[in-house]
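S.K.: So that we are looking at the same thing, I have put the structure below in structure tokens.
Read-outs throughout are calculated quantities, based only on the coordinates presented, and are distinct from any laboratory measurement. Predicted model, so just to flag it, every value in this text is computed and none were measured. As a convention, Cβ positions derive from the backbone with ideal geometry for all residues, glycine included, and neighbour counts pool all protein chains shown.
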Amino acid sequence: MLHYYDPSTASYQPGQSQLNPDIDYGTPARVSEILVSIAVDGREITVPDGTSVLRAAALAGINIPKLCASDNLEAFGSCRLCAVEIEGRRGYPASCTTPVAEGMQVTTQTGKLAKLRRNIMELYISDHPLDCLTCPANGNCELQDVAGAVGLREVRYGFDGENHLDAETDNSNPYFSFDPSKCIVCSRCVRACEEVQGTFALTIEGRGFDSKVVASQNDPFMDSECVSCGACVQACPTSTLMEKSVIDAGQPEHSVVTTCAYCGVGCSFKAEMKGDQLVRMVPYKGGAANHGHSCVKGRFAFGYATHKDRIKEPMIRDSINDPWQVVSWEEAFAFSAKKLKGIQAKYGRESIGGITSSRCTNEETYLVQKLVRTAFGNNNTDTCARVCHSPTGYGLKATLGESAGTQTFDSVMKADTIMVIGANPTDAHPVFGSLMRKRLRQGAKLIVIDPRRIDVLNTPHGGEGLHLALRPGTNVAIVNALAYVIVTEGLEDQDFINNRCDTAAYNAWRTFIAQEQNSPENMEAVTGVPAEEVREAARTYAQADNGAIYYGLGVTEHSQGSTMVMGIANLALATGNIGREGGGVNPLRGQNNVQGSCDMGSFPHELPGYQHVNDPQVRSQFEAVWGVPIDPEPGLRIPNMFDAAIAGTFKALYIQGEDIAQSDPNTQHVEAALKALECVIVQDIFLNETAKFAHVLLPGSTFLEKNGTFTNAERRINRVRKVMAPIAGMEDWEVTMALSNALGYPMHYNHPSEIMDEIASLAPTFTGVNYEKLEQLGSIQWPCNDANPDGTPTMHTLDFPIGKGRFAVTEYLATEERASRRFPLLLTTGRILSQYNVGAQTRRTSNSDWHEEDLLELHPSDAELRGVKDGDWVGISSRVGHTVLRAKISERMLPGVVYTTFHHPGSGANVITTDNSDWATNCPEYKVTAVQVEIVTQPSEWQRNFQSFDKRQQALLASAKQQGDNAHATSLK
Ligand code: SF4
Ligand code: SF4
Ligand code: SF4
Ligand code: FES
């Protein structure tokens, strides 16, 4: 059991952490049943066995000077500043490397210790520039603080001897600089890169005076293995590693704790401000999802918030060929309401709909679906989760009874075998990827099921992982083969199955799965994975004390996405790997609020809390609060909206924070649908690809400009706090509210906390959630209700929401999208660390220095066959479209499989993906497209059309912005 320090009793207690995230306790916490009491300067303190003296002293409120120690790194003992005297021991042991012992009497301040510390500091300072007044760290420098704390008044050694003061600064990284003249070689950066980030990009080269920090093989940071996570910058006690934003703007003055708006890890950050200017984002140690770690996106890529491309004024136009007209918010709402009402009067109530965004807050998402169900009077609401994790909702609800992952991220630290299926944690969920790597370094076994060799397989000191490099589209075949081995080799957890699972469903599944057709040997021809590897993987997972499965869009974005999710749940049920830490079924969510947008009732068939819209009792509860009747029929899903638009029955769409023209498959089909609509209302921070087809453009607000909550992949509800005023004057929830009022359905909230109160009153899993509790607890993992007032870290511990776990029969059916003579290669898509989704945000930051364009990765043999060399332009054709990308030859690919990212709109990655989709949820089959690749010399026709359309729309926007600026200038006269 974990013990936490309780300041009220000055001892360690089991239960909720009372640690102050703003204090560095010097060395990491230890976990032990054995408690040890010591006295530090006469003050008694009780801590778990294994705790360092330095940490125990800090917990007792006594600060021992330190430089090389930090509480997120194992003690190193190099600076000796933390020396103490211990009764009965000789000399001056370093308190950071000395563990507590029962009855120990420690003294931290004596004349001898003071002299020793001053001498050490003097040596440090004698090789350190004395430019504190002009140093960017001035006022926030540990070296400066310690010099003050030890009373250093003079440096007897001059600067005439050998020193490092002329060492050259490395400015290659766009976000931080490395000035070795200030380095004290404490090794904190090196250890942070190893222990926290797991990249091992830094080393100390040389010995003694010559020792220095180097990146990779003494390369500039930008050319090294560094992934720019910022952990070393965070760890550095001097200004050697320093954010360029701080160098430019100066030290921040105040800070606000908020949540990263990029991926589904949901890292907490301190937004450090100078007035209204965001100076830096510092990962917050109190964040339960990230514990003070970050990745390059959340840490550094925030410049888009103040980018010149931001839409700052509402705009309207009658046709997408017309110039934009800058109008007031009121005019924009009136124009929108008139259009929507007119369309409904002419084409019927069902002719309009709305799309919510997984990038927006829970409260905003809730309001958009509410607007559709009340003001629009239909259920034509859907969300971008349709195209990513809708099969997770379906598959987990059917088998486990709840549409969500079962664990905390920290649970991975108790996993003995980690299976990663169709996910790329180090790129798409980097902070969780680092945690996973930490566990792999501790000896957990790794199984990766992916057509591509992902980076987690190359975890330094992480052991040999097992890579089942399957053919795209054969997930279900492999999950069935794994289950076959578990069943036929007697690896099931019969107790768990007997006690926790539905017997009839289990028997049906067992009969099916034990059939010879599912054996690894039979499936080898389908999956391309040697049977023996499948058998080894099945045994490794099933025989682990704790086996955990993590999966991503490589599972869901298939024609059998929902089947595969159920297949994964079957594995966990069959082996009893559910309901405790270290196991579970864990969907890794791509965007920050995918979980939340699903929870909030964005799907057409479900009201908030996954309550079916055709249930009269559910509807009556909502009708009582919302005051209008709710349509009992599920509305249109996004692909149905496109089809209906092209068919002429669907005429208007309100889209908040989503870029369907870039992110949805078969771009030409999406564009045709958008062009067919009579009214497209886009609420976004930029003129995204969809907004180019819009008639109303409502400025959106970034996560920095609003209050609300996001729910991460662990079901953790985190607060989003406003750190600056909305650039266009309104937060997104206020915009939806005003639109609703203009449509005649009254909405009145003074603050998003009131929206959350309404959500809590209607969604059973949110009953106990409110802003006050979020402030108290920091974050809450739903379900949070009377039974679980502080939330639920691990789901299904005693039973399932559906009573018993339900095995599902998961027959493998080959996708219709197969390689053929005409299209002999299979294209699969994914993400890259530096970019985020459609790239609208990250492309407007220096993150593009790492990834300027989407590339087509292909295996050397496929390249050779086509005469393709690295960097050549290649045309990629599928049965729905054609685009052109530059080639990257990569051993990571299987022969016959090609890969690209989709972060740049001009790449047209989705011009070639088809509208094949998951049988249950219509989640598109992005991961399997049969293509041909050949060398070309010019962009595709679609790309040429895209460029000219983009140019025209940018010009229309520029003239509108000029109009707005002129109006503003006139009003100032
Ligand atoms: S930024 Fe991260 S990856 Fe790069 S050197 Fe620092 S800790 Fe290592
Ligand atoms: S760069 Fe900073 S953290 Fe790294 S060794 Fe030098 S002073 Fe220590
Ligand atoms: S891991 Fe995800 S949530 Fe965390 S900083 Fe990176 S992008 Fe943001
Ligand atoms: S802090 Fe203990 S030796 Fe440096």
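S.K.: Provide the per-residue ³J(HN,Hα) series for segment 245-258, in order, calculated from phi with Karplus coefficients 6.51, -1.76, 1.60 and θ = phi - 60°, each as a whole number of Hz, with x at glycine and proline positions.
M.R.: Listing the rounded values in order: 5, 6, 4, 6, 9, x, 5, x, 10, 8, 9, 10, 7, 8 Hz.
S.K.: Once the other residues with Cβ under 13 Å from the Cβ of residue 850 are scored (Lys, Arg +1; Asp, Glu -1), what is the net sum?
M.R.: Details: positive: 297, 831, 843; negative: 223, 225, 427, 849, 852, 853, 854.
Charge balance in the 13 Å sphere: -4.
S.K.: Still on this structure: Given Cα pairs under 8 Å that are at least 6 residues apart, what percent is the relative contact order of the chain?
M.R.: Working: 2259 pairs, mean separation 117.8, N = 973.
The normalised contact order for the chain reaches 12 percent.
S.K.: Round to a whole angstrom and tell me the spacing of the C-alpha centers of segment 282-339 and segment 501-572.
M.R.: If you average the Cα positions of each part, the centres end up 42 Å apart.
S.K.: Also, quick follow-up: Please list, in order along segment 196-205, the HN-Hα scalar couplings obtained from phi with the Karplus expression 6.51 cos²θ - 1.76 cosθ + 1.60 (θ = phi - 60°), rounded to whole Hz, x for Gly and Pro.
M.R.: So the J values, rounded to whole Hz, are 8, 8, x, 9, 6, 7, 10, 9, 9, 9.
S.K.: When you take every Cα atom in the chain, what is the radius of gyration, and what is Dmax, the widest Cα pair distance, in Å?
M.R.: 28.9, 92
S.K.: If you line up the long axis of helix 475-488 against the longest principal axis of the chain, both from Cα atoms, how many degrees apart are they, to the nearest 10?
M.R.: Taking the Cα atoms of the chain, the angle to 475-488 is about 70 degrees.
S.K.: Which ³J(HN,Hα) values, rounded to whole Hz and listed in residue order, are derived for segment 576-589 from phi using the Karplus coefficients 6.51, -1.76 and 1.60 in 6.51 cos²θ - 1.76 cosθ + 1.60 with θ = phi - 60°, glycine and proline given as x?
M.R.: Karplus values, whole Hz, x for Gly and Pro: x, 8, 8, x, 8, 5, x, x, x, 10, 10, x, 8, 7.
S.K.: Moving on. May I ask for the distance between the Cα centers of segment 697-720 and segment 589-607, given as a whole number of Å?
M.R.: Going from one Cα centre to the other spans 13 Å.
S.K.: Please determine, in degrees from 0 to 90 and to the nearest 10, the orientation of helix 638-647 with respect to the longest principal axis defined by the Cα atoms of the chain, where the helix direction is its Cα long axis.
M.R.: Relative to the chain, helix 638-647 is tipped by roughly 30 degrees.
S.K.: Answer with one residue from 824, 813, 797: the one whose Cα lies farthest towards the positive end of the charge dipole of segment 782-851, charges on Cβ with Lys, Arg +1 and Asp, Glu -1.
M.R.: Going by the charge dipole, the pick is 824.
S.K.: Give me the three principal axis extents of segment 238-331 from the C-alpha atoms, as integers in angstrom, largest value leading.
M.R.: Extents along the principal axes: 56, 30, 22 Å.
S.K.: So, one more: Any chance you could give the angle, 0 to 90 degrees and rounded to 10, that helix 111-125 forms with the longest Cα principal axis of the chain?
M.R.: Roughly 60 degrees between the two axes.
S.K.: Search the structure for amide H atoms under 5 Å from the amide H of residue 901, placed 1.01 Å from N in the peptide plane, and list their residues when 5 or more places away or on another chain.
M.R.: Excluding prolines and chain starts, which carry no amide H, the hits are 830, 855.
S.K.: What's the Cα-based Rg to Rh of segment 685-784, Rh via Kirkwood?
M.R.: Details: Rg = 15.4 Å, Rh = 15.1 Å.
With Rg and the Kirkwood Rh in hand, the quotient comes to 1.01.
S.K.: Let me ask another. In which sequence would 926, 347 go, from the one with the fewest C-beta neighbours within 10 Å to the one with the most? It would help to have the intermediate numbers written out before the result.
M.R.: Working: 926 27, 347 16.
Placing the least packed residue first, the sequence is 347, 926.
S.K.: Here's something else I'd like to know. Could you name the lysines in cross-link range of residue 675, using Cα to Cα under 23 Å and dropping any fewer than eight places away on the same chain?
M.R.: 338, 339, 341, 346, 651, 692, 951
S.K.: Let me ask something additional. Whose amide H sits under 5 Å from the amide H of residue 202, counting only residues 5 or more places off or on another chain, with H placed in the peptide plane?
M.R.: 216
S.K.: Sort 170, 318 by Cβ crowding within 10 Å, fewest neighbours at the top. Intermediate results must be reported in sequence, preceding the final value.
M.R.: On the way: 170 19, 318 12.
Lowest count first: 318, 170.
S.K.: Expressed in nm², what is the orientationally averaged projection area of the convex hull enclosing the Cα positions of segment 818-971?
M.R.: Working: hull surface 47.7 nm².
Quarter of the Cα hull surface area: 11.9 nm².
S.K.: Can you tell me the dipole magnitude for segment 872-957 around its Cα centre, using point charges on the Cβ only (Lys, Arg +1; Asp, Glu -1), in Debye to the nearest 20?
M.R.: Details: 8 positive and 8 negative charges, 50 e Å.
Charge dipole of segment 872-957: 240 debye, to the nearest 20.
S.K.: Over 21 Å, how big is the tail of the calculated P(r) for segment 424-502, in percent of all Cα pairs?
M.R.: Working: 1411 of 3081 pairs.
When all Cα pairs of segment 424-502 are counted, 46 percent exceed 21 Å.
S.K.: Turning to a different aspect of this structure: Rounded to the nearest 500 deg cm²/dmol, what is the calculated helix-only ellipticity per residue at 222 nm for the chain, with -39500 (n - 2.57) per DSSP H run of length n ≥ 4?
M.R.: Computed mean residue ellipticity for the chain: -8500 deg cm²/dmol.
S.K.: How do 256, 412 rank when sorted from fewest to most other Cβ atoms within 10 Å of their own Cβ?
M.R.: Values: 256 16, 412 25.
So the ranking, lowest neighbour count to highest, is 256, 412.
S.K.: Which whole-number percent gives the relative contact order of segment 763-819, counting Cα pairs below 8 Å spaced six or more residues apart? Each step should come with its number before you reach the end.
M.R.: On the way: 40 pairs, mean separation 13.7, N = 57.
Reported relative contact order: 24 percent.
S.K.: Using a simple spin-label model with points 7 Å from Cα along the Cα→Cβ vector, what separation in nm is obtained for residue 119 and residue 346?
M.R.: Here the modelled spin labels are 9.0 nm apart.
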